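Written below as structure tokens is the structure these notes are about.
The values are calculated or read from the model by the stated rules, or taken from the named source; none is laboratory data. As the structure is a computational prediction, the values presented were derived from the model and not from experiment. Backbone-built Cβ (ideal geometry, glycine too); neighbour counts: all protein chains shown.
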Amino acid sequence: SPGTTLSLRLIPYSENLWLLVARDVSRLLQLEQMRRDFVANVSHELRTPLTVVHGYLDMLDPAEHPDWAPILGEMQRQSQRMTQLVEDLLTLSRLESQDSLHEEDHVAMSSMVGTLRREAMALSQGRHEVSAQDTANVDLWGAHKELHSAFSNLVSNAVRYTPAGGSIRIVFRRDGDGVSLEVTDSGYGIPAGHLPRLTERFYRVSTSRSRESGGTGLGLAIVKHVLNLHQARLEVASEVGRGSTFSCHFGAERLRTRETTGMTP
Ligand code: ADP
């Protein structure tokens, strides 16, 4: 009937016989759409009251209320976390609802790498050694805001899951026909059994460590969606106690000749 979505699978049955299995998945898709709409609507509705609470909390100066200082500090931290969670849920809903990028442009990767380096240093506050290298001499074609949000998530994870004294390295380099943006840390690492599920919403290796580190559990789900929209892939190599490398690989079709600034030395 009209509006029905079928999922078709061809299964080998015997030497010259195949089975065609057709499944009506319309209801499943409808439920998935309802879930997405619900999350998007709730997140949207939570945004305004949270902004108000957050704003008023920021106006209360702990120095003027010394007895309340620890409580105020905790309330500010938690409202900041809730605001971040709502923002991440909205970003994810937006990414899930589109199957192609609406606005693509030339993304200057040398300045992107510089921005990521500064972000890593700001988050680390001198607790890690941060380095960044751009050897690709090429730019990308894609959605700047989304790519920045994906790379930033990887950088923030690297800082949050690496104890003080460790190192964070950001590299943009040629990789086969394409390029890779890699974020390597010398942190806690991830046990191999967890790797396949890392990009699921709210999936966490160690719930307590992740909560303490201030994440929302949505970072890698956002990364996966952004990369999918760019036909790019995420690879993770990790060793417990030694650190992790998250690589975003972009194919040749995404490469663009680097634009010069027009300034000659
Ligand atoms: P979170 O907000 O919890 O960090 P993410 O989706 O960004 O959520 O990451 C999912 C989980 O993957 C994290 O909770 C953490 O357990 C693990 N993880 C992500 N990046 C790293 C990393 N660089 N080193 C170690 N573990 C990581």
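Restricting attention to the range 243-265, and to residues there that are modelled with pLDDT of 95 or more and among the hydrophobic types (A, V, I, L, M, F, W, C), which single residue is surrounded by the fewest Cβ atoms within 10 Å (Cβ to Cβ)? Ranking the candidates gives Ala252 first.
Only strands (runs of 3 or more DSSP E) whose full extent lies in the range 150-265 are considered here, and none of them has at least 1 residues that are more than 16 Å from the ligand (Cβ to nearest atom), more than 18 Å from Thr135 (Cβ to Cβ) and touching a residue at least 24 places away in the same chain (Cβ under 8 Å).
Residues are listed down the side, and each one gets a yes or a no for (1) touching a residue at least 12 places away in the same chain (Cβ under 8 Å); (2) closer than 26 Å to Gly142 by Cβ; (3) more than 18 Å from the chain's Cα centre (by Cα):
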{"position": "Gln30", "(1), (2), (3)": "no, no, yes"}
{"position": "Met34", "(1), (2), (3)": "no, no, yes"}
{"position": "Leu60", "(1), (2), (3)": "yes, no, yes"}
{"position": "Leu72", "(1), (2), (3)": "yes, no, yes"}
{"position": "Met75", "(1), (2), (3)": "yes, no, yes"}
{"position": "Met82", "(1), (2), (3)": "yes, no, no"}
{"position": "Asp88", "(1), (2), (3)": "yes, yes, no"}
{"position": "Leu95", "(1), (2), (3)": "yes, yes, no"}
